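One structure below.
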Amino acid sequence: MSSFLSSICRNINLIAFTRNPIGQFTPCSAMPDWLVFFLVKPEDTGSYNLIEAFPYLSCFIEDAEQHWQAKCAEPLSSGVWIEIDELEHELPLEASVMYLDGQEVLLLQQLGEKYTQDLSRLQQVRNGLLTQEMLESEVKRRTLEIRKREEEIAIKLVSLTSLRDEETGAHVRRIGLYAAVMAKALGWSSEAIDTIRVAAPMHDIGKIGIPDRVLRKTGVLNDEEFNVMKKHTEIGANMLRGTKIPVLAMAVDIALNHHERWDGTGYPQGLAGEKIPISARITTIVDIYDALVHERVYKKAMPEDEALGLMQDMAGRHLDPHLMAVFLSLLPAMRRIRLEVTEENEERSDLEETEEVCV
Amino acid sequence: MLQKKICLLGAFSVGKTSLIQRYVNKLFSDKYLTTVGVKIDKKQVTVGSTDLTLIVWDIAGEDDFTSIRSAHLRGLSGYIVVIDGTRKNSFDVALALHKRIKTELGDVAAVFALNKADLKAQWVINHEHIHALAQLSYPVIETSAKLDQGVEDLFMGLARQLVPENSEV
């Protein structure tokens, strides 16, 4: 190699080798100082075993062989690896192979400043990514915290009505969980799923405005009493209306419309079909299921198959038939909620633990 | 002496280099210095009556700009997938890497490291995530390179899988 080319190689910290038939590498440019430490002094052949000197090359040599066999003149790079030199400094190295003038050539370069610049650039990018991840995680944590508070407030609100009627805390909680399972199966966003989980339990909140003589009457309601009872939908909606909180906006829809019927014979507005908000149609189904399969002071629990038979009869008249089919396909999940979220379990575990099990 | 190549894999900044530094050199630095390329270290261990040299490959972490070269996995006997307990993203990357290696290399000895146990109050990796890892039937070890917690167990947990059973006493 001419002294001119040798100077260039020295200046860019590069050394060229050719590979001999026994797989050893013979330098064809001057040996740079940084390399001496790594290479065992050659025997009479004047060649070196680079794979032994640099174990990293063991993973590259297979690709290099293929490249040489294909007689490719374009360089194939090994990727960067780091060695520790005699001063215990990190030395970034990269090898490239090519086939030139009938020779299998390997170039070995100490990347020096170029590596430092690449490293610094990547470090900045990764620091930025870490900050971004941290901020996203913080936003998620705080959003969860807000959701949890919203849920707590909703449950507290609902508990006001349960002081006056027979519904239990576990019932209202189950309603939210069933509704969330339905919403998930319908492909709702995770935000909307969270919203219905909190909003659905508030469906009967308007009962707080119904007088005791009607609300706590044990016998059948007469027409006048039933008309009073029907008012709980509008009372609930009015209680929840007037905020910009998404969960309360959905809760208004549910409270107002959960007694509407698919065939338009429900109340308070006589809405039919898909004019009834889907959140309310979902809540109607899960509320009826839960009420039927649980015991109340005024009735025994209905066996589940009987309850489902009854509900299937209601599909298309009272209940949205499509949503009813979705509900039936989710029965195993609904059963888990029914069996896990009981009054006893509620007393034992906090709300968060229960949520993890069920949703 | 028996030599086995092992790799530490995972998202960037999960602590792969720190775990190796702690294990091989008994050192730790709080400063995050990203790894570019590959660093190779050696550590001699004894499993039962077998002396073993672990050739530890520290491979640059995965991100949108860097992915692991298949060539780096050649001759791999086992790997440690490192997860930063404070970063959910590192859990997803770990599962993706594990899946990739299973596809490319088949069944290879592995251990999952749940790193940064010193920051446990800030962990977002919960029981559900850990349960999902345990389902993969590989050891899952909590580690902290900073506190030197679980580091020896981590590497020895992998080394034990690399030595034939009848060589252990």
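Read-outs: derived from the displayed coordinates by stated rules, not from any lab. What you are looking at is a predicted structure, and each value in this text was computed from that prediction instead of being measured. FYI the Cβ positions are ideal-geometry reconstructions off the backbone, even for glycines, and counts take in every protein chain you see.
Place +1 on the Cβ of every Lys and Arg and -1 on the Cβ of every Asp and Glu in the protein assembly as shown, take the dipole about the Cα centre, and give the residue among A:GLY219, A:PRO32, B:THR143 whose Cα lies farthest towards its positive end.
The one lying farthest along the dipole's positive direction is A:GLY219.
Counting alpha carbon pairs within less than 8 Å and at least 6 residues apart, what relative contact order, in whole percent, applies to the range A:3-117? All intermediate terms of the calculation are to be shown ahead of the outcome.
Working: 173 pairs, mean separation 29.5, N = 115.
Answer for the range A:3-117 is 26 percent.
Whole-Hz ³J(HN,Hα) for each residue in the range B:17-27, computed from phi via Karplus 6.51 cos²θ - 1.76 cosθ + 1.60 with θ = phi - 60°, x for glycine and proline: what do you get?
With the stated coefficients, the range B:17-27 comes to 4, 5, 5, 5, 4, 5, 6, 7, 10, 6, 10 Hz.
Rounding to the nearest 20 debye, state how big the charge dipole of the range B:1-45 is about its Cα centre with +1 on each Lys and Arg Cβ and -1 on each Asp and Glu Cβ. Spell out each step's value before the answer.
On the way: 9 positive and 2 negative charges, 36 e Å.
Value, rounded to 20: 180 debye.
Go through B:SER18, A:ILE235, A:HIS322 and say which Cα lies farthest out towards the positive end of the charge dipole of the protein assembly as shown; charges sit on Cβ, +1 for Lys and Arg, -1 for Asp and Glu.
Working it through, the farthest residue towards the positive pole turns out to be A:ILE235.
With Kirkwood's inverse mean 1/r over C-alpha pairs for Rh, give me the Rg to Rh ratio of the range B:1-64, two decimals please. List each step's numbers first, then the result.
Numbers: Rg = 12.9 Å, Rh = 12.6 Å.
That ratio is 1.02, to two decimals.
Bin by bin, in steps of 10 Å, what percent of the Cα pairs in the protein assembly as shown do you find, going until the bin that has the longest distance?
Going from the shortest bin to the longest, the percentages are 3, 15, 20, 15, 13, 11, 10, 8, 4, 2, 0, 0.
With a cut-off of at most 16 other beta carbons within 10 Å, and DSSP calling the residue loop, which trypsin sites (Lys or Arg not before Pro) in the range B:45-110 qualify? Please list them. Walk me through the numbers before you get to the answer.
Numbers: sites: B:ARG69, B:ARG74, B:ARG87, B:LYS88, B:LYS99, B:ARG100, B:LYS102; in loops: B:ARG69, B:ARG74, B:ARG87.
Passing both the DSSP loop test and the Cβ count: B:ARG69, B:ARG74.
Using just the helices of the protein assembly as shown, give the 222 nm mean residue ellipticity in deg cm²/dmol: DSSP H runs with n ≥ 4 each add -39,500 (n - 2.57), and the total is spread over all residues, rounded to 500. Don't jump to the answer; show the numbers that get you there.
Values: 21 runs with 239 residues, N = 528.
That comes out to -14000 deg cm²/dmol.
Give me, ordered by chain and number, the residues 5 or more places off B:GLN149 or on other chains with an amide H under 5 Å from its own placed amide H.
B:SER144
Any of B:LYS4/B:LYS116; B:LYS39/B:LYS116; A:LYS244/A:LYS299; A:LYS184/B:LYS16; A:LYS207/B:LYS88 with alpha carbons more than 32 Å apart? Name them for me.
Values: B:LYS4/B:LYS116 26 Å; B:LYS39/B:LYS116 21 Å; A:LYS244/A:LYS299 39 Å; A:LYS184/B:LYS16 37 Å; A:LYS207/B:LYS88 43 Å.
Cα-Cα > 32 Å for A:LYS244/A:LYS299; A:LYS184/B:LYS16; A:LYS207/B:LYS88; rest within.
Quick one: dipole size for chain A, taken about the Cα centre, charges +1 on Lys/Arg Cβ and -1 on Asp/Glu Cβ, in debye to the nearest 20. Please report the intermediate quantities before stating the final value.
Details: 38 positive and 58 negative charges, 374 e Å.
Dipole of chain A, to the nearest 20 debye: 1800 debye.
Convert each backbone phi in the range A:182-199 into a coupling constant with the Karplus relation 6.51 cos²θ - 1.76 cosθ + 1.60 (shift: θ = phi - 60°), then list the ³J(HN,Hα) values in order as whole Hz, x for Gly and Pro.
4, 4, 5, 5, 7, x, 5, 5, 5, 5, 5, 5, 4, 5, 5, 4, 8, 6
For the range B:2-167, what is the percent of antiparallel DSSP beta bridges, rounded to the nearest 5?
For the range B:2-167, the DSSP antiparallel bridge percentage is about 30.
What does the net charge come to around A:GLU260 if you take all other residues with beta carbon closer than 9 Å to its beta carbon, with K and R at +1 and D and E at -1?
On the way: positive: A:ARG261, A:LYS275, A:ARG281; negative: none.
Around A:GLU260, the surrounding residues sum to +3.
B:PHE12's amide H: which non-local residues (gap 5+, or another chain) put their own amide H closer than 5 Å, with H modeled 1.01 Å from N in plane and none for Pro or chain starts?
Distant-sequence amide H within range of B:PHE12: B:GLU62.
Looking at the range A:111-211, which trypsin sites (Lys or Arg not before Pro) are DSSP coil and have at most 15 other C-beta atoms within 10 Å of their C-beta? Write out the running numbers ahead of the final one.
Working: sites: A:LYS114, A:ARG121, A:ARG126, A:LYS140, A:ARG141, A:ARG142, A:ARG147, A:LYS148, A:ARG149, A:LYS156, A:ARG164, A:ARG173, A:ARG174, A:LYS184, A:ARG197, A:LYS207; in loops: A:ARG164.
The qualifying sites are A:ARG164.
May I ask what percent, to the nearest 5, of DSSP beta bridges between residues of the protein assembly as shown are antiparallel? Don't skip to the answer; put the middle values down first.
On the way: 36 of 63 bridges.
Antiparallel bridges: around 55 percent, rounded to the nearest 5.
Mind checking the range A:282-345 for trypsin sites (Lys or Arg not before Pro) that DSSP puts in a loop (not H, G, I, E or B) and that have at most 12 other Cβ atoms within 10 Å?
On the way: sites: A:ARG296, A:LYS299, A:LYS300, A:ARG317, A:ARG335, A:ARG336, A:ARG338; in loops: A:LYS300, A:ARG317.
Loop-located and lightly packed - A:LYS300, A:ARG317.
Using a Gaussian network model of chain A with C-alpha springs under 10 Å, which one of A:GLU295, A:GLU88, A:GLU133 is most mobile by mean-square fluctuation?
The residue that fluctuates most here is A:GLU88.
When you have a sec, figure out the Kirkwood radius of chain B from all distinct Cα pair distances and drop it here in Å to one decimal? Let's see the in-between values first.
Numbers: mean 1/r = 0.0627 Å⁻¹.
Result for chain B stands at 16.0 Å.
Could you tell me whether the range B:92-169 comes out rounded, prolate or oblate from its Cα gyration tensor? Rule is a ≥ b ≥ c as square roots of the eigenvalues, rounded for a/c under 1.5, then prolate if a/b exceeds b/c, otherwise oblate. Numbers along the way, then the final one.
Working: a/c = 2.28, a/b = 1.24, b/c = 1.83.
In terms of gyration-tensor shape, oblate.
Please report the base-10 log of the normalised intensity I(q)/I(0) for the range A:8-123, using a Debye sum with one equal scatterer per alpha carbon and no solvent, at each q in 0.10, 0.13, 0.18 (1/Å).
-0.29, -0.50, -0.96
Under a GNM of chain A (C-alpha, springs under 10 Å), which listed residue has the highest mean-square fluctuation: A:GLU90, A:GLU234, A:GLU306?
A:GLU90
For the range A:312-328, just list the computed ³J(HN,Hα) in residue order, Karplus coefficients 6.51, -1.76 and 1.60, θ = phi - 60°, integers in Hz, with x standing in for Gly and Pro.
Result, rounded to whole Hz: 5, 5, 6, 5, x, 10, 8, 10, 5, x, 5, 5, 5, 5, 4, 4, 5.
Which of these, B:TYR138, B:TYR79, B:TYR32, has the largest mean-square fluctuation under a Gaussian network model of chain B (Cα springs below 10 Å)?
Comparing B:TYR138, B:TYR79, B:TYR32 in the GNM, the peak value goes to B:TYR32.
Past 28 Å, Cα to Cα, is the threshold; run B:LYS99/B:LYS120; B:LYS26/B:LYS120; B:LYS31/B:LYS99; A:LYS140/B:LYS26 against it and keep the listed order. Write out the running numbers ahead of the final one.
Values: B:LYS99/B:LYS120 26 Å; B:LYS26/B:LYS120 22 Å; B:LYS31/B:LYS99 30 Å; A:LYS140/B:LYS26 37 Å.
As for pairs spanning more than 28 Å Cα to Cα, those are B:LYS31/B:LYS99; A:LYS140/B:LYS26.
For A:ALA307, what charge total do you get from the other residues with a beta carbon under 15 Å from its beta carbon, if Lys and Arg give +1 and Asp and Glu give -1? Display every interim value, and only then the final one.
Working: positive: A:ARG174, A:ARG296, A:LYS299, A:LYS300, A:ARG335, A:ARG338; negative: A:ASP287, A:ASP290, A:GLU295, A:GLU304, A:ASP305, A:GLU306, A:ASP313.
Spelling it out: positives minus negatives among the neighbours equals -1.
Just round it to a whole percent: the fraction of Cα-Cα distances in the range A:160-358 exceeding 20 Å. All intermediate terms of the calculation are to be shown ahead of the outcome.
On the way: 11003 of 19701 pairs.
Percent of Cα pairs beyond 20 Å in the range A:160-358: 56.
Can you give the relative contact order of the range A:69-215 as a percent, counting alpha carbon pairs under 8 Å and 6+ residues apart?
On the way: 135 pairs, mean separation 22.0, N = 147.
Result for the range A:69-215 is 15 percent.
Could you give the alpha-carbon Rg of the range A:214-312 over 2.2 N^0.38 Å, rounded to two decimals?
Details: Rg = 14.9 Å, N = 99, 2.2 N^0.38 = 12.6 Å.
Dividing the Cα radius of gyration by 2.2 N^0.38 Å gives 1.18.
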